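A short worksheet on the structure shown next.
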C-alpha cells in the first residue's frame, strides 16, 4: 500500500476560493497545495505520493479543460476534479468525457468536494500500485532469455509442451526446462498466474 501522504492540488485564480478550499482540506488532515495557474503548478512539479487536482475550468493562461487535454495527450495520469462558477452543459460533458472525477458548480457543498477528493485519491493510489506491479513484472521479464520469452508466449497462448517443441524445433525436455525457468524467474505460482502477468505485460505470440 502507498504510505506517502496524499496531496490535493488546488488551482484557482480566485484567492478567496483557494484559501477556503485549503482550510477545508486541512481540516480533514489532507495536505493542500494552492496555485493560481497551471504554469505555477507545473513549475513546482507533481507532489510525491497519491495526488489529485481540484482545477478551475477558467484560468489565466491555460484553461482547466486545456490542461486536461494536455494530460490525456501526454498519457499523464492524475485524477481531476473540476470546479467552476460559470458552468454550461458543453463544458461539463467535455470534462467528464475527458475522465474527470467530478464537475462541481460554485457554490458547492463542502462534503461533495471532499467525497470527490477521496474518490480521486483512491483512484490515484490504485494507478500507482498497478504501475509499481508493472515495473516489477518488467524487471522479471527482462531476466528471461529470448528463447524463454518465446516459450512463455506459447505457454500462455495455450500450447502444450509437445506442440511448443514442434513449433520451435527443440525437444520436449528442453521445452519443459525453459518452461520451468520462466515460472521461476517470473515467480509465477501457476499457469493462470503466468497468464495474468503476460496480459499485464502485453506478451503475445
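The values are calculated or read from the model by the stated rules, or taken from the named source; none is laboratory data. Worth saying up front: this structure is predicted, and the values here are computed from it rather than measured. Note that each Cβ is placed from the backbone with ideal geometry, even for glycine, and that neighbours are counted across all protein chains shown.
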Do we find that residue 34 is assigned by TED's automatic domain parsing to the domain that holds residue 103, surrounded by 21 or more Cβ atoms within 10 Å (Cβ to Cβ) and either under 22 Å from residue 127 (Cα atoms) or without any contact (Cβ under 8 Å) to a residue 40 or more places away in the chain (or both) in this structure? no
Among the candidates 110, 124, residue that is in contact with a helix residue (DSSP H, G or I) (Cβ under 6 Å, 6 or more places away or on another chain) and touching a residue at least 60 places away in the same chain (Cβ under 8 Å): 110
Give the number of residues within segment 46-65 that are touching a residue at least 12 places away in the same chain (Cβ under 8 Å), over 20 Å from residue 115 (Cα atoms) and over 17 Å from the mean Cα position of the chain (by Cα). 7
From the list 102, 136, 131, 148, pick out the single residue that is surrounded by 15 or more Cβ atoms within 10 Å (Cβ to Cβ) and under 30 Å from residue 30 (Cα atoms). 102
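Results for (1) assigned to a helix (DSSP H, G or I); (2) over 31 Å from the mean Cα position of the chain (by Cα); (3) at pLDDT 95 or above; (4) closer than 30 Å to residue 82 by Cα, shown as yes or no for each residue.
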| site | (1), (2), (3), (4) |
| --- | --- |
| 107 | no, no, no, yes |
| 119 | yes, no, yes, yes |
| 128 | yes, no, no, yes |
| 131 | yes, no, no, yes |
| 137 | yes, no, yes, no |
| 151 | yes, no, yes, no |
| 167 | yes, yes, no, no |
| 176 | yes, yes, yes, no |
| 180 | yes, yes, yes, no |
Take the residues in segment 57-67 that are crowded, with 16+ Cβ neighbours inside 10 Å and out of contact with any helix residue (DSSP H, G or I) (no Cβ under 7 Å at 6 or more places or on another chain), then tell me which one is farthest from residue 123 (Cα to Cα). 63
Can you tell me how many residues in segment 184-205 are in contact (Cβ under 8 Å) with a residue 40 or more places away in the chain, part of a loop (DSSP other than H, G, I, E, B) and crowded, with 17+ Cβ neighbours inside 10 Å? 1
Can you pull out every residue in segment 153-165 that is part of a helix (DSSP H, G or I) and free of Cβ contacts under 8 Å to residues at least 40 places away in the same chain? 155, 161, 162, 163, 164, 165
Subset tally (residues that are surrounded by fewer than 16 Cβ atoms within 10 Å (Cβ to Cβ), within 22 Å of residue 109 (Cβ to Cβ) and under 14 Å from the mean Cα position of the chain (by Cα)) for segment 68-95: 0
(1) under 30 Å from residue 51 (Cα atoms); (2) touching a residue at least 24 places away in the same chain (Cβ under 8 Å); (3) out of contact with any strand residue (DSSP E or B) (no Cβ under 8 Å at 6 or more places or on another chain) all hold for residue 181 apart from (1)
